[in-house]
Each structure stands twice: as C-alpha cells, then as structure tokens.
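Reading through the structure tokens given below for one structure.
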Amino acid sequence: MEPRLSIVTLGVSDLERSFRFYHDGLGFPTSRDPSQGIVFFQTNGVCLALYPLEKLAEDVSSDLSSERSLFSGFTLAHNTKTKDEVDEVLRLAQEAGGRIEKPAQDVFWGGYSGYFSDPDGFLWEIAYSDSWEFNDDGSLVIE
C-alpha cells in the first residue's frame, strides 16, 4: 500500500450548518453544495468531506451506532507558516460558530498552538513552529 491519505470524512449532524462553517466561515473551496448529500473540500494534499453522521455510520456497518463521545481521541491539524496565522484561524473559526477549546499559546514542544471545535465537536489544532518547512503544495515536510 502506498502511504497516502486521500480523504478525511467527517460525519456531521447537520450538513448545511457544517457546510456554512467550513465554506462560508473558514473559506474552504468546493464546487458542491449540501443538496448533493455530501460535500468535498479540496485542500492542499487531502480532501475533506462532510457526510451525514447517520449515513456514514450505516455505510460502515448496519450494526454501528452513530452516537459520539465527548472526546474521540482524534484531532485534525492545520499548520501555519506564521505565528499570527494561528490567531487568525482561531478567530475565523470562532466567528463562524466554532468553539475555542484551548486559546493559542506557547507549547511544550517549542511551537505555538490552540484548538477549536467545529459545530459537531471535531477538534482542530492550529499550530505554528519556526522549524517547519512546507512543500510547494502547502503540505508539511515530514523528515
């Protein structure tokens, strides 16, 4: 298997609300809309998809419950090229209806980061480090 992640799909409780959060609030680009039943956002490197939670659970298994716990042990990350971008992204997320879970601050690993949750509680870390390098497509260089 090639080491590649193509799509991250979030099971959401309200597709229209989540579409507005990611598209209108955070500016994620898409050519689709919620009336099509699933929304794909093209990001640098990986596609982000939004799909109704119940339908996603059903697609995985007819025996799977769509109930979620408060912390799933899963986070998404957006790495920035400047420290100021961390604050800007957190501000955009809050204005779009997200909740700041941890305000941006200097962190133990030497960077600067904070967390927000989207309307369904998916956690995003927004982080910066002056030691990071980025590929031409915007993806983080992992050595």
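Extension gain for the segment Ser31 to Thr75, taken as residue separation times 0.36 nm less the Cα-Cα distance, is 13.3 nm to one decimal.
What does the charge add up to near Asp33, with Lys and Arg as +1, Asp and Glu as -1, over the other residues with Cβ less than 11 Å from its Cβ? Around Asp33, the surrounding residues sum to +1. In a simple Cβ point-charge model (Lys, Arg +1; Asp, Glu -1; nothing else charged), the chain has a dipole of about 180 debye relative to its Cα centre. In the chain, a dipole from Cβ-located charges (positive for Lys and Arg, negative for Asp and Glu) runs towards its positive end, and of Val60, Thr82, Gly37 it is Gly37 whose Cα lies farthest in that direction. Within the same chain, lysines fewer than 8 places from Lys102 are excluded, and of the rest, those with a Cα less than 30 Å from its Cα are Lys81, Lys83. Model label sites at Thr82 and Trp132, defined 7 Å from Cα along the beta-carbon direction, differ in position by 1.5 nm.
In terms of other Cβ atoms within 10 Å, Ile126, Ile38 run from fewest to most in the order Ile38, Ile126. In plain terms, the residue of Leu53, Leu76 with the fewest other Cβ atoms within 10 Å comes first and the most crowded comes last, giving Leu76, Leu53. Note on the chain: percent of Cα-Cα distances in each 5 Å bin, starting at 0 and stopping at the bin with the largest distance, equals 2, 9, 17, 21, 20, 16, 9, 5, 1, 0.
We did not get these values from a lab; they are worked out from the coordinates using the rules stated. This is a predicted model, so every value here is computed, not measured. Quick reminder, even Gly has a Cβ in these numbers, built from the backbone with ideal geometry, and neighbours come from all protein chains shown.
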